[in-house]
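Enquirer: Dropping the structure in here first, questions after.
Every number in this text was worked out from the coordinates using simple rules, so none of it is lab data. Everything quoted here is computed from the prediction, not taken from an experiment. Please note: Cβ atoms are built from the backbone with ideal geometry, for glycine as well, and neighbour counts cover all protein chains shown.
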Amino acid sequence: MAAQPDFVDEKERELYGRAVLGEEVRQFLRNDSVGQYLHRRAKLTIEQAQIDALDVDPDSFFGWFRAKRKLRKIRLEAAAARLFIQWMGDAIVDGNQAEKELNEYRD
């Protein structure tokens with residue numbers, strides 16, 4: 001691990017940490033096989049949820065209640081996948097913002 005630079009104060013240390021985290025997430029998703037796998041799985045889960053939701057038939061023999069439970073399960077799985085993608089994106093955006101603030105901080 002590279003040595004951290006000398007910081008002027010805690011705000012600069014915090015901005016640096018956010019910027020580094022954003023870059024690490026970017027590299028995780030871009031260059032790490034686990035990151036690529038997780039991102040791909042999240043996207044596939046969302047796509048599959050859309051397909052599965054279209055197959056739910058509230059007029060089936062078991063009726064609306066079973067369909068409602070099944071739709072809830074499908075939506076929860078898709079929501080978890082969307083949250084993963086959102087968290088990764090948020091970390092990258094926050095890191096970019098912190099990097100910009102860090103560049104302006106000492107000026």
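Enquirer: Can you tell me which of 70, 43 is surrounded by 13 or more Cβ atoms within 10 Å (Cβ to Cβ), over 30 Å from residue 12 (Cβ atoms) and within 12 Å of the chain's Cα centre (by Cα)?
Expert: It is 43.
Enquirer: Continuing with this model, one more query. Out of all the residues in region 46-58, which are assigned to a loop (DSSP other than H, G, I, E, B) and surrounded by 14 or more Cβ atoms within 10 Å (Cβ to Cβ)?
Expert: Selection gives 56 alone.
Enquirer: Looking at the structure I just gave you, is residue 81 aliphatic (A, V, I, L, M), more than 15 Å from the chain's Cα centre (by Cα), surrounded by 12 or more Cβ atoms within 10 Å (Cβ to Cβ) and more than 30 Å from residue 5 (Cα to Cα)?
Expert: Values: aliphatic (A, V, I, L, M): yes; more than 15 Å from the chain's Cα centre (by Cα): no; surrounded by 12 or more Cβ atoms within 10 Å (Cβ to Cβ): yes; more than 30 Å from residue 5 (Cα to Cα): yes.
So residue 81 does not fit the description; no.
Enquirer: A follow-up question, please. Please go through region 94-107 and give me each residue that is in contact with a helix residue (DSSP H, G or I) (Cβ under 8 Å, 6 or more places away or on another chain) and either of a type in the set (Phe, Trp, Tyr) or loosely packed, with under 12 Cβ neighbours inside 10 Å (or both), ordered by number.
Expert: 105, 106
Enquirer: For region 1-35: of the residues being among the acidic types (Asp, Glu) and outside any helix (DSSP H, G or I), which is nearest to residue 91 (Cα to Cα)?
Expert: Step by step, filter region 1-35, then rank; the result is 32.
Enquirer: Taking only pairs six or more apart or across chains, which ones have beta-carbon atoms under 6 Å, a first residue in region 37-49 that is closer than 11 Å to residue 79 by Cα, and a second residue that is aromatic (Phe, Trp, Tyr)?
Expert: From region 37-49, the pairs are 42/84.
Enquirer: Same structure again: If I filter region 3-40 down to residues being of a type in the set (A, V, I, L, M) and surrounded by 14 or more Cβ atoms within 10 Å (Cβ to Cβ), which single residue comes out as farthest from the chain's Cα centre (by Cα)?
Expert: 15
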